[in-house]
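Some notes on the structure that comes next.
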Amino acid sequence: MTDSYEERIRMPALREKVTSATEAALWIKDGMVIGMSGFTRAGDAKVVPLALAERARHEHMKITLLTGASLGNDVDKTLTEAGALARRMPFQSDPVLRAAINRGEVMFVDQHLSETVELLRTRQIPPIDIGMSLVVEV
């Protein structure tokens, strides 16, 4: 049985920072650069990107999404179908996103994963506004 987050987070000040995916998605504004962990479904952020996609279905919201590797297909697919992606880099493997890239709806930079951090460090691409790691629903 999994412990609740209240049991795992022993510092009350940190426990008070836990929020819902819907609330966290509200922190993301149109035009922001979002960084996410990756490496397929095992390592990507799960609930906040899907809450962001739901929000983007109802209001204009375009983000630049940078990841450490590939995401699970459902994240790229859902964000693409919601019209939430303006730019995506450095890697993707989803056919829905690929079709949007080929239609010119999403700008994509196809590069080796290791090159992204250097572009960030030298400010050749805008800095990350919000970063997400592996996040699960509480």
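Here the stretch 110-138 is the region considered, the condition is being polar (S, T, N, Q) and part of a loop (DSSP other than H, G, I, E, B), and the residue that is nearest to the chain's Cα centre (by Cα) is Ser133.
Taking the criterion of being part of a loop (DSSP other than H, G, I, E, B) and surrounded by fewer than 17 Cβ atoms within 10 Å (Cβ to Cβ), the residues of the stretch 66-87 that qualify are Ala69, Gly83.
Does any residue of the stretch 40-60 turn out to be touching a residue at least 40 places away in the same chain (Cβ under 8 Å) and among the hydroxyl-bearing types (Ser, Thr, Tyr)? Spell out how you get there, then give the answer.
Initial filter on the stretch 40-60 (touching a residue at least 40 places away in the same chain (Cβ under 8 Å)): 43-49.
Next cut, among the hydroxyl-bearing types (Ser, Thr, Tyr) only: none.
No, every residue in the stretch 40-60 fails to be touching a residue at least 40 places away in the same chain (Cβ under 8 Å) and among the hydroxyl-bearing types (Ser, Thr, Tyr).
Take Ile63 and tell me if it is of a type outside the set (Gly, Ala, Ser) and buried (at least 20 other Cβ atoms within 10 Å of the Cβ).
Details: of a type outside the set (Gly, Ala, Ser): yes; buried (at least 20 other Cβ atoms within 10 Å of the Cβ): yes.
Against the criterion (of a type outside the set (Gly, Ala, Ser) and buried (at least 20 other Cβ atoms within 10 Å of the Cβ)), Ile63 qualifies.
Identify, please: which residue in the stretch 34-45 is surrounded by fewer than 19 Cβ atoms within 10 Å (Cβ to Cβ) and assigned to a loop (DSSP other than H, G, I, E, B) and is, among those, modelled with the highest pLDDT? Ranking the qualifying residues of the stretch 34-45, first place goes to Ser37. Hey, any hits in the stretch 10-21 for a residue that's surrounded by 17 or more Cβ atoms within 10 Å (Cβ to Cβ), at pLDDT 90 or above and not in a strand (DSSP E or B)? No, the conditions are met nowhere in the stretch 10-21.
Scanning the stretch 88-109 for residues that are of a type in the set (D, E, K, R), buried (at least 17 other Cβ atoms within 10 Å of the Cβ) and not in a loop (DSSP other than H, G, I, E, B) turns up just one, Arg88.
Can you tell which of Arg103, Arg121 is without any contact (Cβ under 8 Å) to a residue 24 or more places away in the chain, over 25 Å from Asp30 (Cβ atoms) and of a type in the set (D, E, K, R)? Before the answer, list the steps.
Numbers: Arg103 fails: over 25 Å from Asp30 (Cβ atoms).
Just one listed residue meets the conditions, Arg121.
The values are calculated or read from the model by the stated rules, or taken from the named source; none is laboratory data. Keep in mind that what you see is a predicted model, and the values were worked out from it rather than measured. Positions of Cβ are generated from backbone atoms using ideal geometry, with glycine treated the same way; all protein chains shown enter the neighbour counts.
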